[in-house]
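Engineer: The structure's right below; bear with me while I get my questions together.
The values are calculated or read from the model by the stated rules, or taken from the named source; none is laboratory data. The model shown is predicted, which means the values in this text are computed figures rather than measured ones. All Cβ positions, even for glycine, are placed from backbone atoms using ideal geometry, and neighbour counts span all protein chains on display. Areas reflect the complete protein model, heavy atoms only, side chains present, ligands, DNA and RNA absent. Shrake-Rupley method; radii C 1.70, N 1.55, O 1.52, S 1.80 Å.
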Amino acid sequence: QVQLVESGGGLVQPGGSLRLSCAASGTIFRIYAMGWYRQAPGNQRDLVAAITIDNTTKYADSVKGRFTIFKDDAQNTMYLQMNSLKPEDTAVYYCNVDLGRPVEYWGQGTQVTVSS
């Protein structure tokens with residue numbers, strides 16, 4: 001069994017910052033990649049940022065320069081530092097991990113609301 005637990009969401013004013021975390025636990029031998037996705041009401045779930053085993057990162061164009069993804073391999077934990085938040089960043093943020101298995105692993109999601 002593998003569990004992904006997200007935390008760090010909340011309500012923040014435009015221009016503010018939040019840091020999300022995703023802790024992976026369970027039967028894990030190697031994490032090949034981790035990623036953050038988000039889904040706003042009525043929209044599909046889209047990739048926000050991803051980081052691979054060798055720390056290669058990828059970002060959605062809408063968050064480049066504002067969000068930073070990083071990880072702590074010793075703790076099997078991934079983070080998303082979100083700065084200069086905009087109302088359009090409002091969504092449920094989900095953590096995803098690639099363990100090299102034909103199974104998708106998702107966290108329960110954490111709500112981020114950007115509003116004045």
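Engineer: For the range 105-116, how many residues are part of a loop (DSSP other than H, G, I, E, B) and open to solvent by 40 Å² or more (accessible area, probe 1.4 Å)?
Structural biologist: Of the residues in that region, 3 qualify.
Engineer: Report whether or not Arg30 is under 16 Å from Thr113 (Cβ atoms) and of a type in the set (Lys, Arg).
Structural biologist: When the stated conditions are applied, Arg30 does not pass them.
Engineer: Can you pull out every residue in the range 43-82 that is among the polar types (S, T, N, Q), open to solvent by 60 Å² or more (accessible area, probe 1.4 Å) and more than 11 Å from the chain's Cα centre (by Cα)?
Structural biologist: Once the filter is applied, which keeps residues that are among the polar types (S, T, N, Q), open to solvent by 60 Å² or more (accessible area, probe 1.4 Å) and more than 11 Å from the chain's Cα centre (by Cα), the range 43-82 yields Asn43, Gln44, Asn55, Thr56, Thr57, Ser62, Gln75.
Engineer: Checking Pro14 against (1) open to solvent by 60 Å² or more (accessible area, probe 1.4 Å); (2) farther than 17 Å from Ser115 by Cβ: exactly one of these is not met. Which one?
Structural biologist: (2)
Engineer: Quickly run through the range 87-104 and pick out the residues that are surrounded by 13 or more Cβ atoms within 10 Å (Cβ to Cβ), modelled with pLDDT of 95 or more and not β-branched (Val, Ile, Thr).
Structural biologist: Across the range 87-104, the qualifying residues are Asp89, Ala91, Tyr93, Tyr94, Cys95, Asn96.
Engineer: Sticking with this one: With the range 1-100 as the region, which strands (runs of 3 or more DSSP E) entirely inside it contain at least 2 residues that are free of Cβ contacts under 8 Å to residues at least 12 places away in the same chain?
Structural biologist: 57-59
Engineer: Of the conditions (1) closer than 15 Å to Val5 by Cα; (2) touching a Lys or Arg at 6+ places or on another chain (Cβ under 7 Å), Ala50 clears all except one; give me its number.
Structural biologist: (1)
Engineer: Does Ala40 satisfy being at negative phi, in contact with a helix residue (DSSP H, G or I) (Cβ under 7 Å, 6 or more places away or on another chain) and open to solvent by less than 30 Å² (accessible area, probe 1.4 Å)?
Structural biologist: no
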